[in-house]
Structures are given as structure tokens and as C-alpha cells.
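Student: I'd like to ask you about the structure that follows.
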Amino acid sequence: MQKRKALSRDEAFLLSENIFQNFITYFKPQSGEKVHIFVPIEKFNEIDTQIFIDYFLAQNIRVYVPKIVDDQLIAIEIFKDTVFETNHWGISEPISNEDSGEKDFHYVITPLLYCDRKGNRIGYGKGFYDRLFQNISAETKKIGVNYFDPDECIDDVWENDIPLDYLVTATEVLSFLSGLE
């Protein structure tokens, strides 16, 4: 978190653009596919996913964003004219509370603090994404995005933690699928 917060806005934007380009080059998302993607928390200097969202919408890729309603993460489909508001955590969310009920995403682009070279991720400790991962199609690609490459192992993996399938950084795309692609 400290490394991320130390990045200037310009550095963070440049790295976000590189992450976006690596994602597009590697996964080549197509019109009609469905992507669940987080909206960044500015105060945490998260990856600028608005770059992704704008591209997806322009390419007719269906976009879903998370919203917490009654302590549950729901997926709301968004469009170019979707109205957003900032919640009490400082997260921009659609005004709508209508859960799409979608479970068959092609990609879930996941926020994280850190991911190791085995796909284990450290999030914000609420377990929202582990619960989401349990309830979506097994075919969905679970993708973390991070400014930094992994260099340390996460030792305290909890038995209910669900590892990522991929990590996209500003310099590379790592697959954790062990040749199962």
C-alpha cells in the first residue's frame, strides 16, 4: 500500500496504461464478452480502470461493476450513460441497486494489495472477491492487476482463499494455470 501511495498521479496513470495495454494484448477481449471490473478507489491510488471501462464500452464488451448492498457484493451492468455516486468509503458506484445476477463472466478484473507468483492475493480483508469467485462460472478468468511485480510469497494463505488465474502488471502477464489454458 505504501509503495502504491508513493506513486505520483502521472506515474500511476502511465503504469495503468501499461497494465491496460498488457491486458488487451494478452486477452484480446471481444465484442459481446462480459467483464466484471472494479472502479478504483482514488485515495488508495488504485489502478485506473476507467481506461479499461471506456475501451470495453466502446468495443461493445458488456461491463459489470461491483456494488456492496447489505454487506454483499452484487454485479451491476453499466452503460455509457450509467449514473454513479460516491459511497461512504469513497468508492464510485452506480446509483442502481439492481443485481444483474450474472455468473458467466469471461473476465473478473480484481483489485488487490499484493499477489505472489502462485496467484495468492491480498485484498482488503473483507472477502468480497473470494465469495464472488465461489459463485461464478469455473470458466471465468480471475485476473488481478497490480503496478508491481510479485517478489515475495504469501505465507498465511487461508483455506477459503481462491487464487487468481492471472496477474497483469505494467511489465508482464503471469499465468497461474500451470498449462491448463
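The values are calculated or read from the model by the stated rules, or taken from the named source; none is laboratory data. These numbers were taken from a predicted model, which means no experiment stands behind them. Please note: Cβ atoms are built from the backbone with ideal geometry, for glycine as well, and neighbour counts cover all protein chains shown. Just the protein is used for accessible areas: all its heavy atoms, side chains included, with ligands, DNA and RNA removed. Shrake-Rupley method; radii C 1.70, N 1.55, O 1.52, S 1.80 Å.
Student: Please work out how much accessible surface residue 82 shows to a 1.4 Å probe, ignoring ligands, DNA and RNA, in Å² rounded to 10.
Tutor: 40
Student: Also, I was wondering about something else. Please state the relative contact order of the chain as a whole percent: Cα pairs under 8 Å, 6+ residues apart?
Tutor: Numbers: 326 pairs, mean separation 39.7, N = 181.
Computed over the chain, the figure is 22 percent.
Student: How much length is gained on full extension from residue 6 to residue 131, taking 0.36 nm per residue of separation minus their Cα-Cα distance?
Tutor: Gain on stretching residue 6 to residue 131: 41.9 nm.
Student: How many percent of DSSP beta bridges within segment 1-120 run antiparallel, rounded to 5?
Tutor: That works out to approximately 60 percent antiparallel.
Student: By the scheme Lys and Arg +1, Asp and Glu -1, what is the net charge of all other residues having a beta-carbon under 14 Å from that of residue 55?
Tutor: -1
Student: Follow-up. Tabulate in residue order the Karplus-calculated ³J(HN,Hα) for segment 16-32, using 6.51 cos²θ - 1.76 cosθ + 1.60 with θ = phi - 60°, rounded to whole Hz; enter x for Gly and Pro.
Tutor: 4, 4, 5, 4, 4, 4, 5, 4, 4, 5, 7, 8, 6, x, 10, 3, x
Student: Between segment 1-26 and segment 43-76, what is the separation of their alpha carbon centroids in Å?
Tutor: 16
Student: From the P(r) of the chain, can you give the percent of Cα pairs sitting at distances over 25 Å?
Tutor: Everything past 25 Å amounts to 29 percent.
Student: Of 96, 31, which has the most accessible area and how do the rest follow, probe 1.4 Å?
Tutor: On the way: 96 50, 31 80 Å².
Largest accessible area first, the list is 31, 96.
Student: With each run of n ≥ 4 DSSP H residues scored as -39500 (n - 2.57), what mean residue ellipticity at 222 nm is computed for the chain after dividing by its residue count and rounding to the nearest 500 deg cm²/dmol?
Tutor: Per the formula, -6500 deg cm²/dmol.
Student: Keeping all protein chains in place and using 1.4 angstrom, which order do 79, 38, 44 fall into by accessible surface area, from largest down?
Tutor: On the way: 79 110, 38 10, 44 50 Å².
Per-residue accessible area, sorted high to low, gives 79, 44, 38.
Student: How many percent of the accessible area of the chain is carbon or sulfur, using a 1.4 Å probe?
Tutor: 48
Student: Now, a different point. Quick one: among 157, 63, 108, which has the greatest mean-square fluctuation in a GNM of the chain with alpha-carbon springs under 10 angstrom?
Tutor: Looking only at 157, 63, 108, the biggest GNM fluctuation is shown by 157.
Student: If a/c stays under 1.5 just call it rounded; otherwise compare a/b with b/c (prolate if a/b is bigger, oblate if not). Do that for segment 82-129, with a ≥ b ≥ c from the square roots of the Cα gyration tensor eigenvalues. All intermediate terms of the calculation are to be shown ahead of the outcome.
Tutor: On the way: a/c = 2.73, a/b = 1.49, b/c = 1.83.
Oblate shape, in that a/c is at least 1.5 and b/c is the bigger or equal ratio.
Student: Roughly how many Å² is the accessible area per residue of the chain, as a whole number, for a 1.4 Å probe?
Tutor: Heavy-atom accessible area per residue stands at 55 Å².
Student: Which value, in Å² rounded to 10, gives the accessible area of residue 71 with a 1.4 Å probe and all protein chains present?
Tutor: 100
Student: With θ set to phi - 60° and the Karplus curve 6.51 cos²θ - 1.76 cosθ + 1.60, what are the ³J(HN,Hα) couplings of segment 73-83 in order, to the nearest whole Hz, using x for Gly and Pro?
Tutor: 8, 10, 10, 10, 6, 10, 9, 4, 9, 4, 8
Student: Whole number please: convex hull volume per residue of the Cα set in segment 39-129, in Å³? Could the numbers behind the result be given before it?
Tutor: Numbers: hull volume 11.0 nm³, N = 91.
So the per-residue Cα hull volume is 121 Å³.
Student: So how do 33, 98, 11 rank on accessible area, 1.4 Å probe, biggest first, that is with the largest at the start?
Tutor: Final ranking, largest accessible area leading: 98, 11, 33.
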